[in-house]
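A.B. asks: Please read through the structure below; I'll follow up with questions.
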Amino acid sequence: MIRLEETTVIDAPIQRCFDLARSVEVHLLANVHSGEQALAIGGITSGLVGLGQKVTWRAKHFGIWHTLTSETTALEPPSYFQVTMIQGIFRSMQADHLFRVLPAGATEMKDSFSIAAPLPFLGPLAEALFLRRYMLALLRERNAVIQQIAESSEWQHYLPSPAASRED
């Protein structure tokens with residue numbers, strides 16, 4: 001099993017960062033290189049993911065199309081949410097996203113991922129050889145996109161107007 005942790009400091013309000021991290025559209029933007037799509041299979045395909053909501057993602061990784069369904073299994077706005085894979089290529093996957101306001105007013109976004117590769121015997125080898133680096137690169141790319149959007153006026157294109165009016 002792989003455990004990854006990544007911390008990103010974003011010069012933007014906590015609610016904005018929290019909401020952008022739950023945005024289907026921002027997730028898709030951060031994964032544009034893999035042709036990722038949100039499929040209309042018993043879940044949402046746009047907007048902000050809420051508690052108990054599912055998203056089925058389709059993306060090309062390592063030259064193969066994969067489908068993964070995740071569910072938001074915990075939600076404590078604006079400081080925490082958890083996403084758990086309920087169907088997909090991995091034996092298991094869970095992502096915990098924590099947010100806190102730093103003394104200077106910026107937001108710290110901390111992501112903790114636990115991923116277990118398929119195939120009990122070959123999985124640990126794949127994790128050690130390439131999966132850890134690959135997943136960390138995806139996580140860093142996602143966080144860079146969230147940071148870039150949150151720190152610019154671009155966030156207004158991704159968040160519903162009630163969130164926008166609360167922050168400014």
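The values are calculated or read from the model by the stated rules, or taken from the named source; none is laboratory data. Keep in mind the model is a prediction, meaning the values are calculated, not measured. As a convention, Cβ positions derive from the backbone with ideal geometry for all residues, glycine included, and neighbour counts pool all protein chains shown. Keep in mind that these areas ignore ligands, DNA and RNA; they rest on the heavy atoms of the full protein, side chains included. Shrake-Rupley method; radii C 1.70, N 1.55, O 1.52, S 1.80 Å.
A.B. asks: Using Cα-Cα distances under 8 Å and only pairs 6 or more residues apart, what relative contact order does region 1-87 have, in percent?
C.D. replies: In percent, rounded to a whole number, it is 22.
A.B. asks: Roughly how many percent of the accessible protein surface of region 100-154 is carbon and sulfur, given a 1.4 Å probe and a whole-percent answer?
C.D. replies: 66
A.B. asks: Could you pull out the longest piece of the chain with no exposed loop chymotrypsin sites (Phe, Trp or Tyr not before Pro) in it, calling a site exposed if DSSP puts it outside H, G, I, E, B and it has at most 12 other Cβ atoms within 10 Å? Present the calculation step by step, with values, prior to reporting the outcome.
C.D. replies: Numbers: sites that count: 62, 121.
The reported range is 1-61.
A.B. asks: Percentage of Cα-Cα pair distances in region 1-97 greater than 17 Å, rounded to whole percent?
C.D. replies: When every Cα pair of region 1-97 is considered, 54 percent fall beyond 17 Å.
A.B. asks: Can you give me the accessible area per residue for region 107-148, using a 1.4 Å probe, in Å²?
C.D. replies: 52
A.B. asks: How do 159, 29 stack up against each other in accessible area, from largest to smallest, with a 1.4 angstrom probe?
C.D. replies: Sorted descending by solvent-accessible area, the residues read 29, 159.
A.B. asks: Okay, helix-only estimate at 222 nm for the chain: each DSSP H run of n ≥ 4 adds -39500 (n - 2.57), divide by all residues, round to 500 deg cm²/dmol; what do you get?
C.D. replies: One gets -7500 deg cm²/dmol as the mean residue ellipticity at 222 nm.
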